[in-house]
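Participant: Next up is a structure, given as structure tokens.
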């Protein structure tokens, strides 16, 4: 009887540890972590993936579940690995939303806001456009499969019960934050330059022909220039994000590899 209890306890420990890593990824990653998706559906997906993965790594969970303090520590470490992968791509997506905010403010469309259920606040229309466009490209180019593949690869270096927090996690998130900001600025650069030139031209027209109400004309001109530039540069923006996302996944995976090289935690 004690052998059966120990076996069931070991299986339960492995299940909880795997669920902590997968569940944190499902809760935060793009596509998987949509707040508009039912919580029951996301929970069912996390449990289903856990049931598939747990049998392959049930022998790598030497954590005693009866020691709640030590077991809770390892569950937290497992969650941090999943959060690193999920939040890393979410941070990169924020750069695309930054592009939409810059274009909306320069193009005079910042007042046309819609409610974003993901951010739970009002966001400009162009932010929503860029976000869902790049998200669609991310799925079409199998970015979600790359993300899940990276998650499965983490069990090669950090089996259940071996995960630990490393300085490389913070370095990776900082790198992705800077890359996200650079991506947003680069994606908005064509519209920024075009709108700046349009503003200068409107300013010269206003100086030479004061009878023209530049404030009234300027809103229409900026809106037309913004729409025209986006028609030209939208494809480049859509392709730039998936390429950056693939590199970001490599950065996250390398951070986990570096953490795996650290001394194993004491049980």
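Just so you know, all these numbers are worked out from the coordinates, no wet-lab data involved. As the structure is a computational prediction, the values presented were derived from the model and not from experiment. Methodologically, a virtual Cβ is constructed for each residue, glycine included, from the backbone with ideal geometry; neighbour enumeration extends over all protein chains shown.
Participant: If a/c stays under 1.5 just call it rounded; otherwise compare a/b with b/c (prolate if a/b is bigger, oblate if not). Do that for region 156-225, with a ≥ b ≥ c from the square roots of the Cα gyration tensor eigenvalues.
Facilitator: Values: a/c = 6.09, a/b = 5.09, b/c = 1.20.
Because a/c hits 1.5 or more and a/b exceeds b/c, region 156-225 counts as prolate.
Participant: For 21, 186, 145, what ranking results if the residue with the fewest other Cβ atoms within 10 Å of its Cβ goes first?
Facilitator: On the way: 21 29, 186 15, 145 10.
Final ranking by Cβ density, sparse to dense: 145, 186, 21.
Participant: Here is a follow-up. Of all alpha-carbon pairs in region 74-260, indicate the percentage at a distance above 25 angstrom.
Facilitator: Everything past 25 Å amounts to 46 percent.
Participant: Okay, next question. Suppose the chain between residue 228 and residue 141 were pulled fully straight at 0.36 nm per residue; how much longer would it get relative to their current alpha carbon spacing? All intermediate terms of the calculation are to be shown ahead of the outcome.
Facilitator: On the way: separation 87, 0.36 × 87 = 31.32 nm, distance 2.65 nm.
Length gained between residue 228 and residue 141: 28.7 nm.
Participant: Among 18, 47, 225, what is the fewest-to-most ranking by other Cβ atoms within 10 Å? Intermediate results must be reported in sequence, preceding the final value.
Facilitator: Numbers: 18 28, 47 15, 225 19.
With the fewest neighbours first, 18, 47, 225 line up as 47, 225, 18.
Participant: For residue 186 and residue 153, what does the FRET efficiency come to when R0 = 30 Å and r is the distance between their Cβ atoms, rounded to the nearest 0.05?
Facilitator: Details: r = 29 Å, r/R0 = 0.98.
Here the calculated transfer efficiency is 0.55.
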